[in-house]
Amino acid sequence: MNYKRLFIENSYVFITIVTAKRRKILIDNIHILREAFKRTINSFNYEIYAICVLQDHIHMIIKPFDIKDYPHIIQQIKRYFSQNIDKNTLGNYTLTSGNIKRKECDIWQHKYWEHTIRDENDLNKHTDYIHYNPLKHKYVNKVADWKYSSFKKFVQNKLYDIDWCNSKDINNIAELDYE
């Protein structure tokens, strides 16, 4: 079955990128990841609407000026990070024949998950999921305590209360699973 990406101009896109072998390397190398994002924003015109970086994956919603750019944005983020991380810190770092054939490092999973946001309700659900994610994975007891997300930006813009994600919120969000 051939997978076809959906490109709808002026849309937000929810994206999940996961490290190879679910290695917990992103937070320890957050400075490299931040630089990768800066460089892609300079190369491509896009907005990061919401984001959460965890140890082994990233959830984000972006809005590219040209919708067909988002695969290139992801590719450039992954490439910059892969080229600049110290591979000696990775432990079981090996290249498979597939990695070599595709000219990839063993840093990221080959594919990524994407979903074109269809309406405001869909945008809100995915934004909630992104900000709930550190709590879901038990990194923190309160969403506001995770410093690698856009949650506090949303609080400053009065889109969330600082104590957001009580039991009612969790019940609504728990139905969603975009891992």
In segment 36-65, anything open to solvent by 60 Å² or more (accessible area, probe 1.4 Å) and either within 14 Å of the chain's Cα centre (by Cα) or not small (Gly, Ala, Ser) (or both) is listed as Lys38, Arg39, Ile41, Asn42, Asn45, Glu47, Phe65
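How many residues does segment 27-48 hold that are in contact (Cβ under 8 Å) with a residue 12 or more places away in the chain and under 22 Å from Lys87 (Cβ atoms)? Explain how you work it out, then say what you get.
The first filter runs over segment 27-48 and keeps only residues in contact (Cβ under 8 Å) with a residue 12 or more places away in the chain, leaving 27-30, 32-33, 35-37, 39-40, 43-48.
Right, trim to under 22 Å from Lys87 (Cβ atoms) and you get 27-30, 32-33, 35-37, 39-40.
Total meeting the criteria: 11.
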Would you mind stating whether Lys24 is open to solvent by 20 Å² or more (accessible area, probe 1.4 Å) and touching a residue at least 60 places away in the same chain (Cβ under 8 Å)?
-> no
Next on the checklist: Checking the structure you have, find out if any residue of segment 78-89 is among the β-branched types (Val, Ile, Thr), open to solvent by 10 Å² or more (accessible area, probe 1.4 Å) and at pLDDT 95 or above.
Outcome noted: no
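The values are calculated or read from the model by the stated rules, or taken from the named source; none is laboratory data. What you see is a predicted model, and the numbers here were worked out from it, not measured in a lab. Methodologically, a virtual Cβ is constructed for each residue, glycine included, from the backbone with ideal geometry; neighbour enumeration extends over all protein chains shown. Note: areas computed on protein heavy atoms with side chains; ligands, DNA, RNA excluded. Shrake-Rupley method; radii C 1.70, N 1.55, O 1.52, S 1.80 Å.
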